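Engineer: Just passing along the structure, written as structure tokens.
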Amino acid sequence: MPGVALFQAVSPKPDLVAQEHDVLALWDARRTFARLRAQNAEGPRWSFLDGPITANNPMGVHHAWGRTYKDLYQRFHAMSGEHQRYQNGFDCQGLWVEVNVERDLGFTSKRDIEAYGIAEFVTLCKQRVLTYAARQTEQSIRLGMWMDWNDPNELRRLHDLLGSDAASVTTIEGPDGPVTDSAEMLVGRLGMPDTGGSYFTFSNENNDLIWGFLAECHRRGWLYKGHDTMPWCARCGTGISQTEMNEGYQDREDPGLTVRLPLPDRPGEALLVWTTTPWTLTSNVAAAVGPNLPYVKVRQGADLLWLGKARLKSALVGPFEVLEERPGRELLGWRYLGPYDELPAVREAFAGGTRDEPGQPYEHRVIEWSEVGEDEGTSIVHIAPGCGAEDFALGKALGLPVIAPLDEAGIVLDGFGSLSGRDVRDVADPVIEHLKREGRFYRVEPYRHRYPHCWRCGTPLVFRLVDEWFISMGPVYDKPRADLSAAEVDASLRYQIMDVVDRIRWIPEFGHDRELDWLRNMQDWMISKKRYWGLALPIYDCAACGTVEVIGGRDELRDRAVEGWDRFEGHTPHRPWVDEVRIDCPGCGAPVERIRDVGNPWLDAGIVPFSTLHYREDPDYWAKWFPADFITESFPGQFRNWFYSMLAMSTVLRREEPFRSIFGYALVFAEDGRQMHKSWGNAIEFDEAADRMGVDVMRWMFAKARPEENIAFGWHAADEARRELLVLWNVYSFFVTYARLAGWTPTEGIGDAIERAGTWSVLDRWILSRAAGLAADVGARLHEVDAVAATRAIGAFIDDLSTWFLRRSRGRMRAGANPGDRDAAFASLHAALVSLIRTMAPILPFLTEAMYQNLVVSVVPALPDSVHLTEWPAAVMAPHRDEPLERSMATVRRAVELARTLRAQSGMRTRQPLARAWLAVPDRGMTLDEAMLGLFADEVNVKSVEVIADGSDLLDRRVKPLLPRIGKRLGAAIPSIMTAAREGSVEFHPDGSVTLAGVTLGPDDVEVQATPRPGTAVAEDDGLVIVLDTELSPALVAEGDARELARAVQDLRRAAGLQLDDRIDLWVEGLPEGIAPHLEAVAGDTLAEIADGQAPSDATSAELVLGGGTVRIAVRRAPG
RNA sequence: GGGGGAGUAGCCCAGUUGGUUAGAGGCGCCGAGCUUAUACCUCGGAAGUCGGUGGUUCGAGUCCACCCUCCCCUACCA
């Protein structure tokens, strides 16, 4: 076919990584993604909302799992013609960025930050975000993720300008033209419609809308300042919310310290209390007992000690004598001497007395607490309201004094004697020393327990009395949700959120229960943090009159500002600039400053369904894209983080679900089954994985992984995934090789096949039917967010394509094959491959694109120039579907397997032709026509196949009693019945009943199975019976030998490194008589001329044993 | 501490309302076969006291009790 372009030659061993880079360049050059968006611009909307990735470090392979899903579902929906937003998101604000910036600067405390300057520090935080946003953008592009990306170099330019002169005016290219502003404000405007690109949660709009949300919470009375003892990280100088607490539990060893507290009214007697936090003893206020628990007084030497009876053996050291037993209630009110009564802080706190007895100084006493248990310590609990939440609640209920010993950095405050000024982590030993000196020490021993740590920096938390801001979640009612009245739901945000959760499709389903469970147990949401880089909480708490005002947006702030607006204007709404603004107190008119706290970062991510969809500035747009059709993130953790914050905020603002369906997946682990850790040497960086395994291999692994289970990610798993893809590549490479040799090209893509396939052979029609079925199946699966089933179906298809279609069609594509049949083979294989790669394109965008370029673009230029611009192939392939044909083919293939098993059992190699096979096919409305039988005959190498009606003569009948039916009835007779069945001692009766071991069972009680009679070449499977005629005539033997010879010649060709179409000279020496007639055929198959005489020395030679004699063969490329 | 889940072949694991010979699948191993798609594929095989102990039953991987180990969720008990 002169003048027609051929396929490009393909290496059988592809460099997948290099190929991926070529494809990226191709997409770039052809603006493929932009054209896809244009192509779908009028299509139905599919709203995907990207959960923001924290722009704080390079992306890891665990991100690649989620991003694979995000990209593959976006690509799939694009192939269905759907219009999408393609907006990636970066999470920008919060402690995690601060901690890294601090580390870079070598800072160890908040004081360092203050000294450095908050403005400078915040700028560094912004810069860090821009740095890693640029980096992650590049990595995501490398992964093949199609999003509306910013130019990473523009992000880096803004980074630099922020550092050198944030106020300098510059211009960036937006989707609708250039946008000019100061560098700082451009950074604050990233992701908006005029600037385009990814959204950044530090953006002005994002912060502004959170202000609006908080103002709404305030309007409804849900925002409040709490005064409470909270978990606190002394290193970070910030309170830790309930959400964050859950992330940070670790095992830790603390001193388990038992202390004697003398009872002045009972000379010589003392209470024993136990604590794992010695520093809190400074702030001891009371000792709690369980009123109904038994307590005892024991004598140890001169000591008289009180403790819980149940704790005697474990709490005491050494021998003891029990003197007295009393219930806890009889101990109530006892005065005792505290461990640190002499401290000024203690005296001062106690001087005011209690709420109920304000006149006289408070003294330590025994109080009642129902929560006191008998499992640990002494059953007398040390109570320090300034150092524990439960202690605080108890103290509050009883009106007890509160002693708060720590400042925000965990340093002991003044008034604590020699402990003052020391770090809370270093005071355990001084406390113990003090107790020993005072005669209060009883014992200390290491105690291991799970203890909360800071999720970010790993510091053990302390409990500290602080003011923090909360959003109330509303009451928890003690009854089922179904019984709640509308008024009760209206009064409780948590139940409103639950109703929203019910409207969402959770995949996997357990997510629904998890979220509800979290909401049930959720305490009020602590949204404040005493830090620097984050959402500036727009709360104005009047020191003069106590009025709290919450500002709902930047414009409102400008209107309300009484001073400092000029110093804020031109800046993003961050500290320290926004702190300059004061408003007038609506209560008393005094100028009020913003509280200095920043916001919980999940507020930043939670507002995204509003901020990124332009809820305020373009309500029509928002209404079109809200709620999102789909989000996907890793499940662990997000129930209480992103999912929760989105649900809470959307419920407050709209009482609507922010997304319709959510797909969750688990965690990426290393191949050794452990979490990846750099220090364990089992971590794999994303860039390394991309460079070494290639991103398609990674995507294939991720798409195949069961999302509800952690994935074991590593090089071996990657090799396995690559092998699967290489099978496809081999088919492709084979196809291209032979199509080139034959000069075959399609004229209209898969249209060739659609036009003419009706007349093609069963193999062709079968593979096209399979391809059609695959496209339909994978489409349905991906619609259901089931990538596992999709990849499984694809894998099975590739296997069919390679091991059956191509295996049986290879001869059809060789030189000398029937031209019409050969073209049909090429056309059907080509169509199947093209349909397949379109079906795989969302999952494997690079491999499929590379193949598409060659299979389609290089030969049919009129078609779309990217596989990603083609439509989902299910519809166009549907006419090829022929399910009866697929069922028949499955039977043939099963028959082939049985025949192979038979050959193996009888030691009859497949190369040896046999005269006949008999085949009995179970009657399931299935017939095997000539062509099907021909496939079977060719594959198992038999001269003829005869279909017999019934294979039962060849088989033994065995009886399998159906135990679930007869077991209950026959009881103890079962063993003998089963033995009889196993041994075949069966009596069959005409009505279908049988007798076994003297027991007659009805036809329904047994299953009669056919098994091959031992010693015959018969195989059976579910009614399919195969018999081989293993009688060998001399002619058959000779034919087998000839095939053996041909095989040997082919091996030699390969050993000699010859090309597929090289012609050879062939020398054969010592050929047995009988084979001679076949020699010409062998020569034909191997492109050989039979040469006479001695083989030359430069020929490649070998020996083989044929018909009992040694045959020597040699080959050499024919000259010319 | 509370709640839930899991322990089956060298490894990852399936195992229906209890049914007698414990296996679908994947990796690995051994053997054979097929093939110029040349370490791809196919067929066959080996190997397990089903975490332990006791119980119910004609019969237990499966049900019950206790114990051991691991994981997840949850929890500021001192």
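Engineer: At 1.4 Å probe size, with no ligands or nucleic acids counted, give the accessible surface of A:VAL1018 in Å², nearest ten.
Structural biologist: Near enough 10 Å² of accessible area.
Engineer: Report, in cubic angstrom per residue, the convex hull volume of the C-alpha atoms of chain A.
Structural biologist: Convex hull of Cα atoms, per residue: 280 Å³.
Engineer: Another question, then. Please report the carbon-and-sulfur percent of the accessible area for the range A:225-349; probe 1.4 Å, protein heavy atoms only, DNA, RNA and ligands left out.
Structural biologist: Here carbon and sulfur together make up 49 percent of the probe-accessible area.
Engineer: If you don't mind, there's one more thing I want to ask. With each pseudo-label sitting 7 Å past Cα toward Cβ, what's the A:THR171-A:ARG660 distance in nm, one decimal?
Structural biologist: 4.2 nm
Engineer: Mind ordering A:830-841, A:626-637, A:1029-1040 by average Cβ neighbours within 10 Å, highest first?
Structural biologist: Order by mean packing, descending: A:830-841, A:626-637, A:1029-1040.
Engineer: Report relative contact order for the range A:701-801 in percent, whole number only (criteria: Cα-Cα under 8 Å, sequence separation at least 6).
Structural biologist: For the range A:701-801, the relative contact order is 36 percent.
Engineer: Counting only Cα, what are the radius of gyration and maximum Cα-Cα distance Dmax of the range A:112-160, in Å?
Structural biologist: According to the Cα coordinates of the range A:112-160, Rg and Dmax are 13.7, 44 Å.
Engineer: Give A:LYS436/A:LYS529; A:LYS13/A:LYS704; A:LYS126/A:LYS704 a once-over and call out the pairs whose C-alpha atoms are over 29 Å from each other.
Structural biologist: A:LYS436/A:LYS529; A:LYS126/A:LYS704
Engineer: Where does each of A:LYS530, A:LYS70 land when they are ordered by accessible area, with a 1.4 Å probe and the largest first?
Structural biologist: A:LYS530, A:LYS70
Engineer: Along each of the three principal axes of the Cα atoms of the range A:536-595, give the extent in whole Å, ordering the values from largest to smallest.
Structural biologist: For the range A:536-595, the Cα extents along the three principal axes come out at 31, 18, 17 Å.
Engineer: Moving to a separate point now. Which Cα, out of A:PRO538, A:VAL285, A:VAL187, lies furthest along the positive dipole direction of chain A (beta carbon charges, K/R +1, D/E -1)?
Structural biologist: A:VAL285
Engineer: A further question follows. Per residue, what accessible area does chain A have, given a 1.4 Å probe and all protein chains present, in Å²?
Structural biologist: That works out to 42 Å² per residue.
Engineer: While we're on this one: A:LYS309 versus A:ASP1051, label points 7 Å from Cα toward the beta carbon: distance in nm?
Structural biologist: Once both label points are built, they end up 8.9 nm from each other.
Engineer: Looking at chain A only, what percent of DSSP beta bridges run antiparallel? Nearest 5 please.
Structural biologist: 75 percent
Engineer: I'd like the FRET efficiency for A:SER164 and A:GLU930, computed as 1/(1 + (r/R0)^6) with the beta carbon distance as r and R0 of 56 Å, rounded to 0.05.
Structural biologist: E between A:SER164 and A:GLU930, to the nearest 0.05, is 0.10.
Engineer: Could you pull out which residues in the range A:1025-1043 have an amide N less than 12 Å from a spot 7 Å beyond the Cα of A:SER906, following the Cα-Cβ vector?
Structural biologist: A:1026-1033
Engineer: Mind putting a number on the dipole of chain A about its Cα centre? Charges go on the C-beta only, +1 for Lys and Arg and -1 for Asp and Glu, and I need it in Debye to the nearest 20.
Structural biologist: 1340 debye
Engineer: If you don't mind, there's one more thing I want to ask. Give the dimensionless ratio obtained when the Cα radius of gyration of the range A:898-1031 is divided by 2.2 N^0.38 Å.
Structural biologist: The value comes to 1.30.
Engineer: Determine the share of the range A:898-1031's accessible area contributed by carbon and sulfur atoms, expressed in whole percent, with a 1.4 angstrom probe.
Structural biologist: On the range A:898-1031, the fraction of accessible area on carbon and sulfur atoms equals 49 percent.
Engineer: Let me ask something else. Sort A:VAL10, A:VAL1105, A:VAL1111 by heavy-atom solvent-accessible area, probe 1.4 angstrom, most to least.
Structural biologist: From most accessible down to least: A:VAL1105, A:VAL10, A:VAL1111.
Engineer: Return the FRET efficiency for the residue pair A:ARG35, A:VAL562: r is the Cβ-Cβ distance, R0 is 51 Å, and the value is rounded to the nearest 0.05.
Structural biologist: 0.40
Engineer: Between A:ARG756 and A:ASP478, what length in nm is gained on full extension when 0.36 nm per residue of separation is reduced by their alpha carbon distance?
Structural biologist: 93.0 nm
Engineer: While we're here: Among A:PRO44, A:THR54, A:ILE837, which residue has its Cα positioned farthest towards the positive end of the charge dipole of chain A, with +1 placed on the Cβ of Lys and Arg, -1 on the Cβ of Asp and Glu, and the dipole taken about the Cα centre?
Structural biologist: Going by the Cα projections, it comes out as A:ILE837.
Engineer: If I take every Cα pair under 8 Å that is 6 or more residues apart in the range A:536-595, average their sequence separation and divide by the length, what percent do I get for the relative contact order?
Structural biologist: 41 percent
Engineer: Separate question: How large is the charge dipole for the range A:898-1031, taken about the Cα centre, if only the Cβ atoms of Lys, Arg (+1) and Asp, Glu (-1) carry charge, to the nearest 20 debye?
Structural biologist: So the magnitude is around 600 debye.
Engineer: Let me check something: with ligands and nucleic acids excluded, how do A:VAL346, A:VAL381 order by accessible area (1.4 Å probe), largest to smallest?
Structural biologist: Putting A:VAL346, A:VAL381 in descending order of accessible area: A:VAL381, A:VAL346.
Engineer: Sticking with the crude label model, points 7 Å out along Cα→Cβ, report the distance from A:GLN1009 to A:GLU946 in nm, one decimal please.
Structural biologist: 2.9 nm
Engineer: With r defined as the distance between the Cβ atoms of A:SER1033 and A:GLN1059 and R0 fixed at 30 Å, what FRET efficiency is calculated, to the nearest 0.05?
Structural biologist: Efficiency, from the Cβ-Cβ distance: 0.20.
Engineer: Within the range A:344-369, which residues have the backbone N less than 15 Å from the label spot 7 Å out from A:ASP414 along Cα→beta-carbon, could you tell me?
Structural biologist: A:344-346, A:348
Engineer: Using 0.36 nm times the number of residues separating A:GLN360 and A:ARG111, minus their current alpha carbon distance, what extension gain do you get?
Structural biologist: Result for the pair: 85.6 nm of gain on full extension.
Engineer: Taking the full set of protein chains and a 1.4 angstrom probe, give the accessible area of A:ARG329 in square angstrom, rounded to the nearest 10.
Structural biologist: For A:ARG329, the solvent-accessible surface is approximately 130 Å².
Engineer: A follow-up question, please. Taking N as the number of residues in the range A:656-716, what value does Rg over Cα atoms divided by 2.2 N^0.38 Å take?
Structural biologist: Compactness ratio reported: 1.33.
Engineer: Let me ask something else about it. For A:ALA780 and A:LEU323, calculate 0.36 nm times their separation in residues minus their Cα-Cα distance, and state this gained length in nm to one decimal.
Structural biologist: 156.7 nm
The values are calculated or read from the model by the stated rules, or taken from the named source; none is laboratory data. The structure presented is a predicted model; accordingly, all values stated were derived computationally and were not measured. Cβ atoms come from the backbone with ideal geometry, glycine included; neighbour counts cover every protein chain shown. When the accessible area is computed, the model is the full protein with side chains, heavy atoms only, and any ligands, DNA or RNA have been set aside. Shrake-Rupley method; radii C 1.70, N 1.55, O 1.52, S 1.80 Å.
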